[in-house]
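Before any comments, here is the structure.
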Amino acid sequence: MDRNEAIDALVSAHRERRISRRDLMVRAAALGIGASALGTALARTAVTVSAQDVNPTPGGVLREGYDLDFSKMDPVATSWYDPAFMALFECLAIDAPDGELQPMLASNWTIADDALSVTFTIDTGAKFHSGRAVDAAAVKEVYDAIKDPANGSPLSVLFTPVEAIEAPDASTLVLKLSHPYYDVLNVVKTGYWAICNIVARTEAGEAFGQTTIDGTGPFTFKEWMPGSHVDVEKWADYPGSIVPYYQNKGPAYLDGIHWEAILEGAQRALKIENGEIDTLRNPLAQDVARLQGNPDLSVSSFSEPSGYIFGQNFNKTELDFHEQGMRQAISHAIDRQAIVTALLMDLGSPLYGPITPADKYYDPTVEQFNQYDPEKSKALVAELGWTPGADGILEKNGQRMAFNLVVQDESFNRDLGSVIQASLAEIGMEVTVQSLDRGSYFGALGEGPDSYLFYYLWPVPIDVVILFVGSGTIPVPNWGSASVPAVDEAITAWQNAGSEEELRAAGNLFQTSIAETLPTIPLVVRNTVWVARPNVRGWLPHQYDIYPHYNDVWLAQ
Amino acid sequence: MPDVVVAPSSSVGVVLRPDPPVQHRFARTVKRLSRNKLALFGTIVALIFIVLGIIGPSLAPYDYAKQNLMKANLPPFSEGHLLGTDQVGRDMLSRILTGIRISLVVGLGVTVISMVIGTLLGAVAGYYRGVPDSVISGIVELAWGFPLVLLAVILAGTLGPGLLAAVLAIGLINWAGFGRIVRGEILAIRESEFVLAARATGVPDRRIIVRHILPNIVAPALVMGSYYVALAIIAEAGLSFIGMGAQPPLPSLGVMVAEGRNYMMLNPWVITIPGLTILLIVLGMNMTGDGLRDLLDPRSKNR
């Protein structure tokens with residue numbers, strides 16, 4: 001028996017309750033196995049315990065810790081979706097753990113030969129919680145609502161090429177496109193494009209997404225307490241799911257799910273260690289090694305489709321933010337690898353372009369840009385006519401290089417803001433960090449701050465980055481009023497791609513144009529980390545979807 | 001130097017007792033203080049921190065805001081970093097020395113301003129009573145009952161979060177504490193014979209307050225002042241902890257505790273060093289206050 005087999009045998013014995021946690025540790029130590037190796041083995045074997053391992057036990061409430069506050073759960077008007085979307089709503093298609101696009105509410109889809117239409121078949125027998133059948137007309141209502149300017153949906157720009165939505169019969173939905181738009185499947189598969197009952201939404205008005213929700217997911221809405229929690233309960237009449245990768249095709253096993261917003265970073269790890277929650281998203285990076293060493297916990301970590309970006313307000317012409325050279329100077333002053341090492345404990349990657357290196361459209365060409373080079377930064381600002389003043393702060397025509405940086409009041413955002421502040425101080429820029437709660441933060445973004453730090457999370461990162469950098473989305477969510485013709489051309493190419501090859505080529509163009517012209521400055525991407533206690537089964541976070549689904553989840557006794 | 005001490009109401013002409021030489025009084029005070037070991041310890045601790053607050057930042061080996069991410073989270077006694085480094089590689093010693101100055105400036109500054117305003121208004125309320133007393137006492141009650149954090153939020157919203165907003169918030173509440181005590185003391189003293197005598201001989205009110213009454217409340221004000229310095233330091237640290245006080249990278253001790261709390265399991269010194277510093281400063285100030293009370297309170301002189 002080699003060392004790995006010995007570890008696996010020990011972990012299996014512990015999982016099957018044949019040896020205690022203490023025995024596991026003692027025996028592992030006797031074999032010369034450190035806590036870290038043991039933690040890795042536990043993570044490897046446990047976090048994705050399949051529902052088919054043993055007979056699922058129905059009942060119980062899953063308590064999940066969440067690292068953010070919750071947003072309004074209205075798919076039409078959401079600017080952010082949280083894990084509860086995965087329990088309350090469903091989409092036309094879904095990404096499986098292997099990255100394959102699988103059917104969900106649409107049993108199949110076809111792209112026309114001329115690539116100017118996509119036809120979905122909506123015949124799964126799904127229903128809304130209210131009992132209304134999910135047919136093509138119901139889906140059309142959702143997409144029409146997103147496109148309707150009166151609803152102010154931030155998603156609408158991604159449907160710009162969709163010139164008509166038709167439902168010729170109950171099971172056929174056709175998206176008519178003004179030009180080939182291969183990415184449309186990427187758009188509709190994300191949790192943002194969840195299907196809700198528009199009739200119920202219209203009746204509920206502002207209350208929809210807050211106190212009343214009518215989706216198609218296996219759970220019904222119970223309560224949302226902003227800043228605290230969201231509760232859902234099992235929908236006993238759930239008609240079932242056709243998603244191939246789900247083990248459970250019928251109603252959920254759980255009686256309910258309770259998500260708790262744990263905004264105080266250090267509390268997250270403590271709560272799952274103490275058994276106050278069953279699962280957790282994103283403990284602090286500095287707590288991950290400790291959690292991995294805890295044999296009672298399973299930890300999985302993978303690069304998430306997200307990124308931290310640093311935006312400057314192009315309207316601040318007195319600070320030369322509209323000048324590419326100034327943005328490049330700022331970018332070269334930031335040591336991304338050091339941020340990943342020190343703040344993310346290597347659970348992340350530097351971003352030299354707009355999207356994570358783990359994304360399938362990632363173009364490594366971007367790595368030739370934005371490398372840490374403070375001397376180049378100083379040369380670039382000097383070229384623009386900025387010289388150090390008496391206090392060391394850069395000046396030009398009597399204007400000091402001093403500006404505010406708006407960040408969300410969360411531990412990593414604050415630390416990242418502090419690093420940017422210190423990094424730019426090295427080249428003579430005075431940055432005042434404004435740390436604001438979530439509501440005030442988005443309010444400040446809407447007012448066009450001097451600069452801002454933003455964390456995006458979207459299953460297809462290019463689709464969301466488009467919103468922050470394209471001139472078509474000024475002033476929201478292009479809060480910096482960034483306008484770069486080369487980037488706009490790349491966006492057009494992305495939205496006109498008619499095949500996978502064209503989409504990839506457009507994606508490469510998009511990434512390199514952003515890496516070079518910097519409508520926003522990419523910083524780092526962090527790994528998402530998921531932690532579970534051993535009684536949680538069938539819970540499967542994976543890198544192709546930003547939250548786990550809950551159809552298969554059950555709690556072992 | 002007079003041979004006798006004449007009570008403040010000199011017109012009464014009551015001979016009390018011989019006035020000991022100043023040197024003798026100082027020696028006696030030190031002697032009494034040295035007998036109170038806790039007070040002596042507290043005074044020494046407080047003095048050490050005051051000295052550190054004055055000269056410490058000039059001794060700091062690094063710029064308190066200078067980061068070196070590749071040297072983040074070094075433990076104490078690391079090479080070149082006596083107290084280690086924080087999560088972004090800033091030298092803890094340099095930040096602590098600057099933090100001590102900030103705490104002391106806030107503590108002493110707020111207390112002096114509160115003492116002046118509180119004493120002035122408390123004296124007017126206590127001496128004149130009637131309408132001035134009602135008005136001032138109403139304001140005092142309002143200020144004293146106002147939640148510090150709420151006031152800090154209002155001021156931070158108006159002025160922007162920062163030390164100025166925190167100092168104003170603490171000062172706007174703390175002066176009321178002085179006002180209440182001073183008013184109470186003056187209510188008692190204003191009926192004293194020497195005050196009645198001064199008033200009977202036509203001494204103006206202002207002169208009676210300044211020359212005859214206020215000197216009699218210096219002792220309790222000093223005792224209270226030492227406690228209020230400690231209170232102000234804790235309040236500033238608390239407000240900075242929740243983001244309503246000093247703003248990064250300014251290393252208020254409260255900011256350091258706030259920034260370090262997410263690292264306390266990995267690098268406990270990042271939070272314990274500023275926490276212990278706050279504890280020692282406050283302990284020193286409170287022990288000094290206890291010692292002063294024992295020294296200056298007439299009821300304890302005969303113990």
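The values are calculated or read from the model by the stated rules, or taken from the named source; none is laboratory data. Keep in mind it's a predicted model, so treat the numbers as computed, not measured. Neighbour counts are summed over all protein chains in view; Cβ atoms, including those assigned to glycine, are modelled from backbone coordinates with ideal geometry.
Looking at segment B:62-81 only, could you name the residues that are more than 14 Å from every other protein chain (Cβ to nearest Cβ) and closer than 20 Å to B:PRO248 by Cβ?
B:HIS81
Looking only at residues that are closer than 21 Å to A:ALA269 by Cα and not hydrophobic (A, V, I, L, M, F, W, C) in segment B:228-269, which one is surrounded by the fewest Cβ atoms within 10 Å (Cβ to Cβ)?
The selected residue is B:PRO268.
Being in contact (Cβ under 8 Å) with a residue 12 or more places away in the chain and within 14 Å of chain B (Cβ to nearest Cβ) is the filter; apply it to segment A:343-364 and report the residue that is nearest to A:VAL465 (Cα to Cα). Even if it seems obvious, please write down each step before you answer.
Quick first cut of segment A:343-364, residues in contact (Cβ under 8 Å) with a residue 12 or more places away in the chain only: A:343-345, A:347-363.
In the following step, the residues that additionally are within 14 Å of chain B (Cβ to nearest Cβ) were identified as A:343-345, A:347-348, A:350.
On the way: A:LEU343: 24, A:LEU344: 22, A:MET345: 26, A:LEU347: 22, A:GLY348: 19, A:PRO350: 17 Å.
The selected residue is A:PRO350.
Could you please let me know if A:VAL174 is touching a strand residue (DSSP E or B) at 6+ places or on another chain (Cβ under 6 Å), surrounded by fewer than 19 Cβ atoms within 10 Å (Cβ to Cβ) and at pLDDT 90 or above? Write out each step before concluding.
On the way: touching a strand residue (DSSP E or B) at 6+ places or on another chain (Cβ under 6 Å): yes; surrounded by fewer than 19 Cβ atoms within 10 Å (Cβ to Cβ): yes; at pLDDT 90 or above: yes.
For A:VAL174, the condition - touching a strand residue (DSSP E or B) at 6+ places or on another chain (Cβ under 6 Å), surrounded by fewer than 19 Cβ atoms within 10 Å (Cβ to Cβ) and at pLDDT 90 or above - is met.
Quick check on this structure: which one of A:GLU430, A:GLU410 is surrounded by fewer than 22 Cβ atoms within 10 Å (Cβ to Cβ), modelled with pLDDT under 95 and within 12 Å of another protein chain (Cβ to nearest Cβ)? Talk me through it step by step, then tell me what you get.
Working: A:GLU430 fails: modelled with pLDDT under 95.
None of the others qualify; the one that does is A:GLU410.
Answer yes if at least one residue in segment A:489-499 is within 14 Å of chain B (Cβ to nearest Cβ), under 22 Å from the mean Cα position of the chain (by Cα) and assigned to a helix (DSSP H, G or I), and no otherwise. Outline the logic, then answer.
First, pick out the residues of segment A:489-499 that are within 14 Å of chain B (Cβ to nearest Cβ): none.
No, because not a single residue in segment A:489-499 is within 14 Å of chain B (Cβ to nearest Cβ), under 22 Å from the mean Cα position of the chain (by Cα) and assigned to a helix (DSSP H, G or I).
Cβ-Cβ under 7 Å, sequence separation 6+ or interchain: first residue in segment A:287-306 and free of Cβ contacts under 8 Å to residues at least 40 places away in the same chain, partner assigned to a loop (DSSP other than H, G, I, E, B). Which pairs?
Here the result reads A:ASP287/B:MET265; A:ARG290/B:MET265, each pair linking segment A:287-306 to a residue that is assigned to a loop (DSSP other than H, G, I, E, B).
Please indicate, with yes or no, whether at least one residue in segment A:344-359 is in a helix (DSSP H, G or I) and within 20 Å of the chain's Cα centre (by Cα).
Initially, segment A:344-359 is screened for residues in a helix (DSSP H, G or I), giving none.
No, every residue in segment A:344-359 fails to be in a helix (DSSP H, G or I) and within 20 Å of the chain's Cα centre (by Cα).
What residue, of A:ARG336, A:ARG400, A:ARG327, is within 14 Å of chain B (Cβ to nearest Cβ), under 24 Å from A:ALA482 (Cβ atoms) and of a type in the set (Lys, Arg)? Step through it out loud before you land on a result.
Details: A:ARG400 fails: within 14 Å of chain B (Cβ to nearest Cβ); A:ARG327 fails: within 14 Å of chain B (Cβ to nearest Cβ).
It is A:ARG336.
Is it the case that some residue within segment B:221-233 is in a helix (DSSP H, G or I), closer than 28 Å to B:ASN73 by Cα and either more than 14 Å from chain A (Cβ to nearest Cβ) or within 17 Å of the chain's Cα centre (by Cα) (or both)?
Going through segment B:221-233, the residues in a helix (DSSP H, G or I) turn out to be B:221-233.
Now restrict to residues that are closer than 28 Å to B:ASN73 by Cα: B:233.
Right, trim to either more than 14 Å from chain A (Cβ to nearest Cβ) or within 17 Å of the chain's Cα centre (by Cα) (or both) and you get B:233.
Yes - at least one qualifying residue is present in segment B:221-233.
Among the helices (runs of 4 or more DSSP H) lying completely within segment B:52-162, list those that include at least 1 residues that are under 23 Å from B:LEU279 (Cβ atoms).
On the way: elements: B:92-128, B:130-145, B:148-159.
Ranges flagged: B:92-128, B:148-159.
Given the criteria out of contact with any His (no Cβ under 6 Å at 6 or more places or on another chain), small (Gly, Ala, Ser) and in a helix (DSSP H, G or I), does A:GLY240 qualify? Before you say what the answer is, go through the steps one by one.
On the way: out of contact with any His (no Cβ under 6 Å at 6 or more places or on another chain): yes; small (Gly, Ala, Ser): yes; in a helix (DSSP H, G or I): no.
Considered against the rule, which asks whether it is out of contact with any His (no Cβ under 6 Å at 6 or more places or on another chain), small (Gly, Ala, Ser) and in a helix (DSSP H, G or I), A:GLY240 comes out as no.
Name the residue, out of A:GLY275, A:GLY215, A:GLY250, A:GLY205, that is small (Gly, Ala, Ser) and under 25 Å from the mean Cα position of the chain (by Cα). Step through it out loud before you land on a result.
Numbers: A:GLY275 fails: under 25 Å from the mean Cα position of the chain (by Cα); A:GLY250 fails: under 25 Å from the mean Cα position of the chain (by Cα); A:GLY205 fails: under 25 Å from the mean Cα position of the chain (by Cα).
Only one candidate passes the filter, namely A:GLY215.
Hey, can you tell me all the residues within segment A:172-200 that are assigned to a helix (DSSP H, G or I), touching a Ser or Thr at 6+ places or on another chain (Cβ under 9 Å) and not small (Gly, Ala, Ser)?
Correct list: A:TYR192, A:VAL199.
If you take the residues in segment A:488-526 that are charged (D, E, K, R) and in contact with a Ser or Thr (Cβ under 8 Å, 6 or more places away or on another chain), which one is nearest to A:LEU416 (Cα to Cα)? Reasoning before the result, please.
Here is the first cut: in segment A:488-526, the ones charged (D, E, K, R) are A:488-489, A:500-502, A:504, A:516, A:526.
Applying the additional criterion that residues be in contact with a Ser or Thr (Cβ under 8 Å, 6 or more places away or on another chain) yields A:488-489, A:526.
Numbers: A:ASP488: 29, A:GLU489: 31, A:ARG526: 12 Å.
In this case the residue turns out to be A:ARG526.
Name the residues in segment B:237-261 that are closer than 14 Å to B:ILE271 by Cβ, at the interface with another protein chain (Cβ under 10 Å from one of its Cβ atoms) and either aliphatic (A, V, I, L, M) or not in a helix (DSSP H, G or I) (or both), would you?
Matches in segment B:237-261: B:ALA258 only.
Taking segment B:83-103 as the search range and keeping residues that are under 21 Å from B:VAL229 (Cα atoms) and among the polar types (S, T, N, Q), which one is farthest from the other protein chains (Cβ to nearest Cβ)?
Top of the filtered list is B:SER103.
Can you tell me which of (1) in contact (Cβ under 8 Å) with a residue 24 or more places away in the chain; (2) under 22 Å from the mean Cα position of the chain (by Cα) is the one A:SER71 doesn't meet?
Every condition holds for A:SER71 apart from (1).
Name the residues in segment B:86-118 that are among the β-branched types (Val, Ile, Thr), surrounded by fewer than 24 Cβ atoms within 10 Å (Cβ to Cβ) and either touching a residue at least 60 places away in the same chain (Cβ under 8 Å) or under 18 Å from B:VAL210 (Cα atoms) (or both), would you?
Of all residues in segment B:86-118, those among the β-branched types (Val, Ile, Thr) come to B:88, B:96, B:98, B:100, B:102, B:105-106, B:110-113, B:116-117.
Filter once more, so that each one left must be surrounded by fewer than 24 Cβ atoms within 10 Å (Cβ to Cβ): B:96, B:98, B:105, B:112-113, B:116-117.
Hits for segment B:86-118 are B:ILE96, B:THR98, B:VAL112, B:ILE113, B:VAL116, B:ILE117.
I'd like the full set of residues that are under 30 Å from A:VAL469 (Cα atoms) and buried (at least 17 other Cβ atoms within 10 Å of the Cβ), limited to segment A:186-207.
Narrowing segment A:186-207 to residues under 30 Å from A:VAL469 (Cα atoms): A:186-196, A:206.
Within segment A:186-207, A:ASN186, A:VAL187, A:VAL188, A:LYS189, A:THR190, A:GLY191, A:TYR192, A:TRP193, A:ALA194, A:ILE195, A:CYS196 qualify.
Looking at A:SER423, A:SER435, A:SER440, which is the one that is touching a Lys or Arg at 6+ places or on another chain (Cβ under 9 Å), of a type in the set (Ser, Thr, Tyr) and within 14 Å of another protein chain (Cβ to nearest Cβ)? Let's see the steps before the verdict.
Numbers: A:SER423 fails: touching a Lys or Arg at 6+ places or on another chain (Cβ under 9 Å); A:SER440 fails: touching a Lys or Arg at 6+ places or on another chain (Cβ under 9 Å).
Answer to the check: A:SER435.
So in segment A:456-473, with the set limited to residues that are surrounded by fewer than 20 Cβ atoms within 10 Å (Cβ to Cβ) and under 21 Å from the mean Cα position of the chain (by Cα), which one is farthest from the other protein chains (Cβ to nearest Cβ)?
Step one: list which residues in segment A:456-473 are surrounded by fewer than 20 Cβ atoms within 10 Å (Cβ to Cβ), which gives A:457, A:471-473.
This time we only want the ones that are under 21 Å from the mean Cα position of the chain (by Cα), so: A:457, A:473.
Numbers: A:LEU457: 21, A:THR473: 30 Å.
Going through the qualifying residues, I end up with A:THR473.
Filter segment B:16-27 down to the residues that are outside any loop (DSSP other than H, G, I, E, B) and at pLDDT below 75, then identify the one that is nearest to B:ILE278 (Cα to Cα).
Pass one, segment B:16-27, residues outside any loop (DSSP other than H, G, I, E, B): B:16-18, B:22-27.
Now drop any that are not at pLDDT below 75, which leaves B:16-18, B:22-26.
Details: B:LEU16: 44, B:ARG17: 44, B:PRO18: 44, B:VAL22: 35, B:GLN23: 35, B:HIS24: 36, B:ARG25: 33, B:PHE26: 30 Å.
If we take residues in segment B:16-27 being outside any loop (DSSP other than H, G, I, E, B) and at pLDDT below 75, then B:PHE26 is nearest to B:ILE278 (Cα to Cα).
What about B:VAL45, is it at pLDDT below 90 and touching a Leu at 6+ places or on another chain (Cβ under 8 Å)? Show your work before the answer.
On the way: at pLDDT below 90: no; touching a Leu at 6+ places or on another chain (Cβ under 8 Å): yes.
So B:VAL45 does not fit the description; no.
Is it true that some residue in segment B:209-230 is within 30 Å of B:VAL153 (Cα to Cα) and charged (D, E, K, R)?
No, the conditions are met nowhere in segment B:209-230.
If you check A:ALA236 against the conditions, is it of a type outside the set (S, T, N, Q), surrounded by fewer than 22 Cβ atoms within 10 Å (Cβ to Cβ), over 23 Å from the mean Cα position of the chain (by Cα) and assigned by TED's automatic domain parsing to the domain that holds A:GLY125?
Details: of a type outside the set (S, T, N, Q): yes; surrounded by fewer than 22 Cβ atoms within 10 Å (Cβ to Cβ): yes; over 23 Å from the mean Cα position of the chain (by Cα): yes; assigned by TED's automatic domain parsing to the domain that holds A:GLY125: no.
No: the conditions fail for A:ALA236.
Out of the residues in segment A:280-299 meeting the condition of being farther than 19 Å from A:PRO548 by Cα and of a type in the set (A, V, I, L, M), tell me which one is surrounded by the fewest Cβ atoms within 10 Å (Cβ to Cβ).
Among them, the one singled out is A:ALA289.
Please state which of the following conditions B:SER78 fails to meet, knowing it meets all the rest: (1) of a type in the set (Gly, Ala, Ser); (2) out of contact with any strand residue (DSSP E or B) (no Cβ under 8 Å at 6 or more places or on another chain); (3) under 17 Å from B:TRP269 (Cβ atoms).
(2)
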